[in-house]
């Protein structure tokens, strides 16, 4: 195990973009099991080679810049799904509304009847049933 640590010293390693690449590779490999396509096989092999190139690269600055570009597009999608997941978990206790003026998401407790909701961002008031 020590030889692996010595080998990886000064190399970039795995990051979020690398994980996305390897997940994409496995998806293509599974699809290729059913389709048996030569083009898909070559594409998945090239993706795997690119993954190892990034992991073993000594150009740490370039790889971190690639990861930052990836995260610029991936993080908003990830946060959107995390919000949906949280809203689904809390659906028994809270109801969510969107302010018509500033598009702020508002969470109010369920079972309070008809209430007046005040947006904390723009101070707009509106009546809703919880």
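The values are calculated or read from the model by the stated rules, or taken from the named source; none is laboratory data. Quick caveat: nothing in here was measured; it's all calculated off a predicted structure. Virtual Cβ from ideal backbone geometry, glycine too; neighbours counted across all protein chains shown.
The table that follows gives values for the structure above.
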{"read-out": "Of all residues making up segment 1-25, the number that are more than 21 Å from the chain's Cα centre (by Cα), at pLDDT 85 or above and assigned to a loop (DSSP other than H, G, I, E, B)", "value": "4"}
{"read-out": "Checklist (1) modelled with pLDDT under 95; (2) over 30 Å from residue 8 (Cα atoms) applied to residue 59, failing item", "value": "(2)"}
{"read-out": "Residues of segment 88-119 satisfying the condition of being in a loop (DSSP other than H, G, I, E, B), in contact with a strand residue (DSSP E or B) (Cβ under 8 Å, 6 or more places away or on another chain) and exposed (fewer than 13 other Cβ atoms within 10 Å of the Cβ)", "value": "93, 100, 110, 113"}
{"read-out": "Test result for residue 48, within 21 Å of residue 13 (Cβ to Cβ) and modelled with pLDDT under 95", "value": "no"}
{"read-out": "Subset of segment 67-87 (residues that are exposed (fewer than 13 other Cβ atoms within 10 Å of the Cβ) and over 23 Å from residue 22 (Cα atoms))", "value": "83, 84, 85"}
